[in-house]
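S.K.: Below is the structure I would like to discuss, written out as structure tokens.
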Amino acid sequence: MSSPHDVVITGIGLVSSLGEGPDAHWQKLTQPGLEPVLEATRFAPYTIHPLPEIDWNLQIAKRGDQRQMETWQRLGTYAAGLALDDAGIKGNDELSTTMDMVVAAGGGERDEAVDAAILAASESRNDRDVLLNEKLTTELRPTLFLAQLSNLLAGNISIVHKVTGSSRTFMGEEGAGVSAVETAAARIRSGQSTHVLVGGAFQTEHSDMLLGYELAGYLHRGPWKPVWQRQGSEGGGVVTGSGGAFLVLEQREHAKNRGRKIYAELGPVVSSRARRRRGELNSEIAALLKQAALPDGDLLTISAASGAHAATAAEKAVLDANPALAVRAFSTLTGHMKEAQFPFAVALAAMAVDRKAGYPVFDATVERPFEGTPTSVLATAIGYHQFEGLGLVKAA
Amino acid sequence: MANLRDHMGRPIVAVTGIGVVTSLGVGKKDNWEALTSGKSGIHPITRFPVDQLNTRISGMVDFLPSSSKGASHLTYELAETAAQEAVSEAGLDSGDFGGPLFLASPPVELDWADRFSLYNSDKQDSGSERLLRVARALKELDVFETTQFGSIADRLADRFGTRGLPITLSTACASGATAIQLGVEAIRRGECDKALSIGADGSATAEALIRFSLLSALSTHNDIPEKASKPFSKDRDGFVLAEGSGALVLESLEAALARGATILGIMRGCGEKADDFHRTRSKPDASPAIAAVRAVLADAGMSEDEIEYVNAHGTSTPENDKMEHLSLSTVFGERIASMPVSSNKSMIGHTLSAAGAVEAAFSLMTMRESVIPPTINYDNPDPAIVLDVVPNKKRNAEVGTVLSNSFGFGGQNTCLVMAREPV
């Protein structure tokens, strides 16, 4: 039964190594046996999925705005623009100025050259704190700070796309993406918001972004493998990718009144914090599946599994125990996009519901075919280190 | 019998626990004594050398065990200390809080001390290649945890037994207010009957100071540190970087009354509006800040006349104080000249991600104690800003309602309205 306060998805903005926009992603991801786009030399021994060629001017008209950002913020602002365009909101003052926004963000790029010079100099100096002051006061670009601040992705979206109803930034890896979608949906269901922009972006082509995983040895090394097949390989199992995913979530009535195309309804979104050191992850994922009130029958499941050994094994064990789930781990083809993982999963789920077709297997040795028309699709995001959530997307 | 629902039929949200840490001390008692005697916590920087730095003063919290252990550890300890005070005051189980956690905290980065230590533990190759190679051989997660944006909240969730996935957020200098707003909204939506909202910031590193300095945001009045933060003064020249934390236990009034808790205040409303003008500057007509103040009044179901005191954002930057005055005078009209408007930052500096929560805590205490803390260092009023800033000395006054403003980089404007009593 549909209700006027249902949450529906009316805009999707996607960027990954596969291209940009829902159409390009659909075409690529429905090709059986699609090969991932990989870059194995620039950051060796790590493989990454690089950004595609992007004409930033298409979504960020002013060169001055582009110059104020580094790639991460440009990427997020670009993906947000795609979603707003897709929902018919971009350029509409009335809709933009009343639109709420929840962005899931990490931090932006540091100046690698300045950092490397400081580290090199630290080898021959004991007064490292003084060295820092000397170098940072003279070599940092003043505006770089703004390109690094977590909430300035949202800030740039306000400036470039005029989204100014409200602006909130959640931090905390995949969990931030889950909470962003969960909070946005709760606002719409309770009547606090009529339309919300929600999403995130991750730019992996920077050594610090790799370091954020590798300080705990999370990155996969050696030849690339699909997400499910990295257990026992060298490294920690995560292959990262640059990309972004933004959604326009809207109250059903609001979308209908303005005559917009509805991709899908966003059903329950649930989240948790398993105390993983106590071995709670498997039971917590199982509990989330129960809470999501899954429909009977075969269920296409878009998994944001990272490949991280422990988390991915736990997710696989729980999903395998539920034979109705036909799982697709998209990070096999896009890489892990951190804060953007859950919004990306929800977007792929909505596209399948909208187009009334599933995706072929992304890994023929582990995933099984899905026949039939997906009227509901599950999206999961089990964090590589902490936090987990899932959501059920349904036919509009 | 008080109403349990507000003018929009939502559960009324009460405050039943308050905790605070600033450069003035740990806990409400020490902070309140200092704040009401006009004492400044701003002092010379000793945590790191100040060679080459234009600004050599701050409101750092230098007296906690983690004060020298890096931004992540200090932010955690600040958050934990304030939350412990708040949860204890609320009379709740501090190991099994049972509601969600909303944490405003600074974005994290690998500390330079760790960067140096990792880098110099090896000699092969250089730059990021060396760092990555050393990193993957680490056997402990300690350094890793300091670089994960969700780790501080994860530890706090363990410590206090909060429920569900904790939300860590940043709305720059409005973060503390946003954390409170998220808690209020969760209770209003009926998702929970209590929430723990914390703003904490222990990120006053050399690099943070230099970054703000390069944006010309900081005061360089180094000679008399306690005089450097002078909101609404003619010679104000920037904010003073500071650390601190504030924590509130929020509860539906119904649940709080049912368990016989002491009601410390009421969260009447939250309002926000984003600015699309510039990354660091506000729209010259202050329309987004005006809209945020109007939004909070609408959310609270109150008219302008019902606000009795403004706890200003009042950073002491030329830009903020001018814009804040413009927004207040636009909304409150002529009445603003006779309404008390004071800035806690004159004494504690700008606690960044914590500021909204710290100042909400002080706003609630202002009402409970019937004392308005002063704006100190108000020796040279800006003639363009005509406000009753409660200059230099505290004022005894019955205060029933407070507007607390928080504005931040990235076009963030968030306002809270609190009341002493339920309606």
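S.K.: Straight-line reach only, C-alpha to C-alpha below 20 angstrom: list the lysines that B:Lys234 could link to, leaving out same-chain residues fewer than 8 apart.
M.R.: Within the straight-line limit of under 20 Å, B:Lys234 reaches these lysines: B:Lys322, B:Lys345, B:Lys393.
S.K.: Please arrange B:Met339, A:Met99, B:Met302 by how many other C-beta atoms lie within 10 Å of their C-beta, fewest to most.
M.R.: B:Met339, B:Met302, A:Met99
S.K.: Of the trypsin sites (Lys or Arg not before Pro) in the stretch A:297-362, which ones lie in a loop per DSSP and count no more than 16 other C-beta atoms within 10 Å?
M.R.: Those that pass, being in a loop and sparsely packed, are A:Lys356.
S.K.: How many angstrom separate the Cα center of the stretch A:251-307 from the Cα center of the stretch B:215-239?
M.R.: 50
S.K.: Sticking with this one: At a 10 angstrom cut-off on C-beta neighbours, averaged per residue, how do the peptides B:77-87, B:203-213 rank from highest to lowest?
M.R.: Going from most to least packed, we get B:77-87, B:203-213.
S.K.: If amide hydrogens are placed 1.01 Å from N in the peptide plane, which non-local residues have theirs closer than 5 Å to the one on B:Val341?
M.R.: Those qualifying (amide H under 5 Å, at least 5 residues apart or on another chain) are B:Val310, B:Asp388, B:Val389, B:Val390.
S.K.: Please identify the DSSP H helices in chain B that span no less than 18 Å along the helix axis (Cα) and have a mean Kyte-Doolittle hydropathy of -0.5 or more.
M.R.: The answer, listed by residue number, is B:71-90, B:175-188, B:287-300, B:355-369.
S.K.: Still on this structure, I have one more. Other chains near B:410-422: what is the mean number of their Cβ atoms within 10 Å of each residue's Cβ?
M.R.: For this peptide, the per-residue mean of nearby foreign Cβ atoms is 3.
S.K.: Now, a different point. Using a Gaussian network model of chain A whose springs link C-alpha atoms within less than 10 Å, name the residue from A:Asp55, A:Asp65, A:Asp23 with the highest mean-square fluctuation.
M.R.: Between A:Asp55, A:Asp65, A:Asp23, it is A:Asp55 that shows the largest mean-square fluctuation.
S.K.: What's the exposure ranking of B:Arg236, B:Arg155, B:Arg420, going from fewest to most Cβ atoms within 10 Å?
M.R.: B:Arg155, B:Arg420, B:Arg236
S.K.: What number comes out for the charge environment of A:Tyr213, summing +1 per Lys or Arg and -1 per Asp or Glu over other residues with Cβ under 15 Å away?
M.R.: Once all neighbours under 15 Å are counted, the net charge is -4.
S.K.: Which one of A:Asn133, A:Asn57, A:Asn282 has the biggest mean-square fluctuation once chain A is modelled by GNM with Cα springs under 10 Å?
M.R.: Answer for the Gaussian network model of chain A: A:Asn133.
S.K.: Also: For chain A, set up a Gaussian network in which alpha carbons nearer than 10 Å are linked by springs, and say which option among A:Ala292, A:Ala326, A:Ala264 fluctuates the most.
M.R.: Maximum among the listed residues: A:Ala292.
S.K.: Counting pairs on different chains as well as pairs 8 or more places apart, how many Lys pairs in chain A have Cα atoms under 17 Å apart?
M.R.: For chain A, the number of qualifying lysine pairs is 12.
S.K.: Find out how many positive minus negative residues lie around A:Glu109, taking Lys and Arg as positive, Asp and Glu as negative, among other residues whose Cβ is under 12 Å from that of A:Glu109.
M.R.: -4
S.K.: How large is the direction-averaged shadow of the alpha-carbon convex hull of the stretch A:1-96, in nm²?
M.R.: That works out to 9.7 nm², a quarter of the Cα hull's surface.
S.K.: So if I take the centroid of the Cα atoms in the stretch B:266-311 and the same for the stretch A:96-119, what is the distance between those two points in Å?
M.R.: Centre-to-centre distance over Cα atoms comes out at 27 Å.
S.K.: If you don't mind, another one. Would you pull out the residues with amide H under 5 Å of A:Thr240's amide H, same chain only if 5 or more places away, H placed 1.01 Å from N?
M.R.: A:His49, A:His336
S.K.: Per the Debye formula with a single identical scatterer at each Cα and no solvent contribution, what log10 I(q)/I(0) holds for the protein assembly as shown at q = 0.06, 0.09 Å⁻¹?
M.R.: Calculated log10 I(q)/I(0) at the listed q: -0.34, -0.80.
S.K.: Summing +1 for each Lys or Arg and -1 for each Asp or Glu, what net charge is found among the other residues whose Cβ lies under 13 Å from the Cβ of B:Val389?
M.R.: Overall, the nearby charge balance is +2.
No lab work stands behind these numbers, since they all come straight from the coordinates. Please read all numbers here as calculations on a predicted model, not as lab measurements. Note that each Cβ is placed from the backbone with ideal geometry, even for glycine, and that neighbours are counted across all protein chains shown.
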